[in-house]
Amino acid sequence: MTGFVSIDRNEVTATVTLANPERMNALDTTMWRELEKAFVALSADDRLRCVILRGAGDRAFAAGADVAEFATVRSNRAQAAGYAGVTHPALQAIAHCIHPVVAQIHGACVGGGLEIASMCDMRICGESSRFGIPIKRLGLVVSYHELAGLIALVGSATALEILLEGRVFGAAEALAKGLVTRVVPDAEVADEVSAAVSHIVEGAPLVARWHKRFVRRLADQRPITDAEMNECYACFDTDDFRIGYEAFLEKRKATFTGR
């Protein structure tokens, strides 16, 4: 039975759920395509201010790609290249979502699951969560585009440690390595994510989007152009700046409009 990707949303937030609990939310090709489609659609919705990404149940965020289907979709070089044409766009859709994306991690977050989580902006997990990319056991490599998010989080040396040893390790070590943003008791993960999302959505949404774009751009070694530098000052022409500035002077909470 194939899994699926669901979207639940309210006015300003959306929750994307990887739903293949019988296989620890491992993603088959259908789910990879649905994941891309979900994030492309959410990124195009200006009403949103934050997206939560999680796995169904408490056993796993995601155990990565569904190895059971490799015999038909990833058994040789040509198939693997085609498979990357499905997984890469999904990972990029998460990374380039205009809204902040918070990974809500319960249980295992390994292999491709960790690659997915690394594309999010924040990762909050429970104390019993487990992490790793034990792909060496399959005789497979992590491709360039899959490595990008991991290296951005932990750097080249730690990324190599994770890949070369292939260990599955706990939440405390993941926090020490910089893989996760926060570790809380298992029963408090959802509440902690909810609190983080509340902090995010009460801010100016245009500012959150600009900050995401600026951080991604600074990972590119090309010099910042004059046009890019001038974009840093565009916020001063927004309604949100005027709303925030007046609220600050009047010592009250601002209600931003995203304009």
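The values are calculated or read from the model by the stated rules, or taken from the named source; none is laboratory data. Keep in mind it's a predicted model, so treat the numbers as computed, not measured. Don't worry about glycine lacking a Cβ; one is built from the backbone with ideal geometry, like all the others, and counts go over all protein chains shown.
Residue-level check: of (1) modelled with pLDDT of 90 or more; (2) among the charged types (D, E, K, R); (3) surrounded by fewer than 24 Cβ atoms within 10 Å (Cβ to Cβ); (4) assigned to a helix (DSSP H, G or I), Asp58 misses just (4). Look at Ile94 and say whether it is part of a helix (DSSP H, G or I), among the hydrophobic types (A, V, I, L, M, F, W, C) and closer than 21 Å to Phe131 by Cβ. When the stated conditions are applied, Ile94 passes them. Listed by first and then second residue, the pairs linking a residue in the stretch 188-216 that is farther than 28 Å from Tyr233 by Cβ to a residue that is hydroxyl-bearing (Ser, Thr, Tyr), with Cβ atoms under 9 Å apart and 6 or more places separating them unless they lie on different chains, are Val189/Ser129; Ala196/Thr181; Val197/Thr13.
Kindly check whether there is at least one residue in the stretch 76-86 that is over 24 Å from Arg47 (Cα atoms), assigned to a loop (DSSP other than H, G, I, E, B) and modelled with pLDDT under 95. Yes: the stretch 76-86 contains one or more residues that are over 24 Å from Arg47 (Cα atoms), assigned to a loop (DSSP other than H, G, I, E, B) and modelled with pLDDT under 95. Counting just the residues of the stretch 169-207 that are among the small types (Gly, Ala, Ser) and either outside any helix (DSSP H, G or I) or at pLDDT below 95 (or both), which one comes out farthest from Phe131 (Cα to Cα)? Checked the stretch 169-207; the qualifying residue farthest from Phe131 (Cα to Cα) is Ala204. Per this entry, Leu48 is not counted among residues that are closer than 24 Å to Val154 by Cβ and crowded, with 17+ Cβ neighbours inside 10 Å. Candidates are the residues of the stretch 219-234 that are hydrophobic (A, V, I, L, M, F, W, C) and modelled with pLDDT of 90 or more; the one that is surrounded by the most Cβ atoms within 10 Å (Cβ to Cβ) is Ile224. The residue that is surrounded by the fewest Cβ atoms within 10 Å (Cβ to Cβ), among those in the stretch 176-191 that are within 23 Å of Ala152 (Cβ to Cβ) and of a type in the set (D, E, K, R), is Arg182. When the stretch 25-44 is filtered for residues that are part of a loop (DSSP other than H, G, I, E, B) and surrounded by fewer than 22 Cβ atoms within 10 Å (Cβ to Cβ), the ones remaining, listed by number, are Asp28, Ala44.
Please work out if Ile133 is surrounded by 18 or more Cβ atoms within 10 Å (Cβ to Cβ), in contact with a Gly (Cβ under 6 Å, 6 or more places away or on another chain) and not polar (S, T, N, Q). So Ile133 passes the test.
Going through (1) of a type outside the set (Phe, Trp, Tyr); (2) out of contact with any helix residue (DSSP H, G or I) (no Cβ under 7 Å at 6 or more places or on another chain); (3) without any contact (Cβ under 8 Å) to a residue 24 or more places away in the chain; (4) loosely packed, with under 15 Cβ neighbours inside 10 Å one by one, Thr257 falls short only on (2).
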